[in-house]
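Please read the structure below before turning to the comments.
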Amino acid sequence: MIVFNTTGSGVTPSTQTVQTNWAGFAFALMAYGNGINTAAQLVEFVRNANPHIPPTWLTLHTTPQQLNFNPNSNGAGTEFSMLAQRLIFKGIGSPAPSPAPTSTPPNLWTFNAFVTQASNGGTWQFYDSMGSGGVNPPEFVSPTLNMDTCFDNTYYATGYIPPDPAAQIVSVEISNNPAPPNSCTSSSD
């Protein structure tokens with residue numbers, strides 16, 4: 001899952017959810033599977049009035065045009081990609097500000113990537129993240145993603161190898177092409 005903090009608070013989502021009260025968790029692009037089939041979905045984290053209660057995971061329904069998932073984008077079975085329209089991050093269950101382009105406040109997002117698995121108790125077990133500690137500190141500190149600008153950046157995990165090497169995160173590429181008038185353009189001579 002790639003978790004985005006779209007609130008503008010600047011907090012990086014963390015594996016230490018009990019200590020941070022799920023701070024920074026607003027939305028997640030989740031790739032999941034059962035060993036035979038794979039799929040992707042968008043999840044919104046809807047906060048409870050009591051910050052010590054984990055948020056509700058609300059699956060937001062999207063169309064293939066809004067969220068496109070390629071489970072084998074490099075042809076070697078070691079990479080997947082998700083292409084999402086930013087409008088799907090508006091959410092329906094939380095009071096977080098909309099990520100639609102505005103001049104005030106700017107759309108400053110943070111992120112983290114996690115390998116997780118659901119457990120029987122309804123909680124999630126983290127296996128890896130972008131930080132050098134993997135699921136433990138030291139943790140990844142997200143760069144600020146200015147969603148009003150064009151960018152295409154690759155962020156490399158810092159080398160943690162989980163007990164199951166298949167659960168290792170190597171890198172995450174995040175691109176943005178905002179709606180006009182800030183849309184990305186290219187020219188050639």
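Remarks
- The stretch 122-153, subset assigned to a strand (DSSP E or B) and aromatic (Phe, Trp, Tyr), residue nearest to Val11 (Cα to Cα): Phe126
- Residues of the stretch 23-40 that turn out to be surrounded by 13 or more Cβ atoms within 10 Å (Cβ to Cβ) and either in contact with a Lys or Arg (Cβ under 8 Å, 6 or more places away or on another chain) or in a strand (DSSP E or B) (or both), as a count: 8
- Sub-8 Å Cβ pairs linking a first residue in the stretch 20-31 that is hydroxyl-bearing (Ser, Thr, Tyr) to a second residue that is assigned to a loop (DSSP other than H, G, I, E, B) and surrounded by fewer than 20 Cβ atoms within 10 Å (Cβ to Cβ), at least 6 apart or interchain, are Thr20/Val11, ordered by first then second residue.
- Residue list for the stretch 107-123, filter: in contact (Cβ under 8 Å) with a residue 60 or more places away in the chain and not β-branched (Val, Ile, Thr): Asn107, Leu108, Trp109, Phe111, Asn112, Ala113, Phe114
- Of all residues in the stretch 154-167, exactly one satisfies the criterion of being part of a loop (DSSP other than H, G, I, E, B) and among the polar types (S, T, N, Q), namely Thr158.
- When Thr15, Thr59 are screened for being among the hydroxyl-bearing types (Ser, Thr, Tyr), modelled with pLDDT of 90 or more and surrounded by 13 or more Cβ atoms within 10 Å (Cβ to Cβ), only Thr15 passes.
- Just one of the numbered conditions (1) in contact with a helix residue (DSSP H, G or I) (Cβ under 6 Å, 6 or more places away or on another chain); (2) modelled with pLDDT of 95 or more is not true of Pro143: (1).
- Ser98 surrounded by fewer than 18 Cβ atoms within 10 Å (Cβ to Cβ), out of contact with any Cys (no Cβ under 7 Å at 6 or more places or on another chain), at pLDDT below 85 and under 24 Å from Thr149 (Cα atoms): yes
- Some residue of the stretch 104-121 being polar (S, T, N, Q), at pLDDT below 90, assigned to a strand (DSSP E or B) and within 19 Å of Val18 (Cβ to Cβ): yes
- Test for Thr38: is it in contact with a strand residue (DSSP E or B) (Cβ under 9 Å, 6 or more places away or on another chain) and either farther than 20 Å from Ile169 by Cα or not small (Gly, Ala, Ser) (or both): yes
- Among the numbered conditions (1) surrounded by fewer than 19 Cβ atoms within 10 Å (Cβ to Cβ); (2) at pLDDT 90 or above; (3) not acidic (Asp, Glu), the only one that Asn50 does not meet is (2).
- Selection within the stretch 41-70 - under 17 Å from Trp124 (Cα atoms), free of Cβ contacts under 8 Å to residues at least 40 places away in the same chain and not in a strand (DSSP E or B): His52, Ile53, Pro55
- Extreme residue, surrounded by the fewest Cβ atoms within 10 Å (Cβ to Cβ), among residues of the stretch 111-169 that are under 15 Å from the mean Cα position of the chain (by Cα) and of a type in the set (Val, Ile, Thr): Thr154
The values are calculated or read from the model by the stated rules, or taken from the named source; none is laboratory data. Keep in mind the model is a prediction, meaning the values are calculated, not measured. Please note: Cβ atoms are built from the backbone with ideal geometry, for glycine as well, and neighbour counts cover all protein chains shown.
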